[in-house]
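The values are calculated or read from the model by the stated rules, or taken from the named source; none is laboratory data. Predicted, not measured: the structure shown is a model, and the values here were computed from it. So basically every Cβ, Gly included, is an ideal-geometry build from the backbone, and we count neighbours across all protein chains shown. Side chains are part of the model used for accessible areas, which takes the heavy atoms of the whole protein and leaves out ligands, DNA and RNA. Shrake-Rupley method; radii C 1.70, N 1.55, O 1.52, S 1.80 Å.
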Amino acid sequence: QVQLVESGGGLVQAGGSLRLSCAASGIIFRFGVMAWHRQAPGKQRELVATITSSGTTNYGDAGKGRFTISRDNAKNTVYLQMNSLKPEDTADYYCAASMGDKNYWGKGTLVTVSS
């Protein structure tokens, strides 16, 4: 059974930082493409960043400039370091894994940025 469990969300003031973690189980983590997405209230889910098994990263508009995705294959964990947070970064953040033609999602962690 595949499980993706996000953690690290919470309330932070504008300008602050958070690091999200996503622990994976039930998949061969080191082969998967991992990603972070987010969904703000009333908006569509959007891509924040992806990272391949070899560590190549790609950022969506939501993640460019202030966010960094990384992974630790030994710990089956992917991270999202978020700096200089803004109120518009408030959203549910979801971890996703792509393994071949299968995609898996976590349940999300809420990030709230106060002004």
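Along the axis of the charge dipole computed for the chain (Cβ charges of +1 for Lys and Arg, -1 for Asp and Glu, origin at the Cα centre), the listed residues Gly15, Gly108, Thr52 are led at the positive end by Thr52. Residues Thr77, Thr52, ordered by accessible area of protein heavy atoms at a 1.4 angstrom probe radius and largest first, appear as Thr52, Thr77.
Near the amide H of Gly108, within less than 5 Å, lie the amide hydrogens of Glu6, Cys95, all on another chain or at least 5 residues away, with H placed in the peptide plane. When peptides 23-29, 7-13 are sorted by average Cβ neighbour count within 10 Å, with the highest value leading, the order is 23-29, 7-13. Rolling a 1.4 angstrom probe over the protein heavy atoms with all chains in place gives the chain an accessible area of 54 Å² per residue. Magnitude of the charge dipole for the chain, about its Cα centre and with charges confined to Cβ atoms of Lys, Arg (+1) and Asp, Glu (-1), is about 120 debye. Among Tyr59, Tyr94, Tyr104, the largest mean-square fluctuation in a Gaussian network model of the chain (Cα springs under 10 Å) belongs to Tyr104.
With every protein chain in place and a 1.4 angstrom probe, the accessible-area ranking of Asp72, Asp101, largest first, reads Asp101, Asp72. Projection of the Cα convex hull of the chain, averaged over all directions and equal to a quarter of that hull's surface, yields 6.6 nm².
Here Ser114 sits with roughly 40 square angstrom of accessible surface, probe radius 1.4 Å. Rounded to a whole number, what % of the accessible area of the chain do carbon and sulfur atoms account for, probe 1.4 Å? Reported share for carbon and sulfur atoms: 46 percent.
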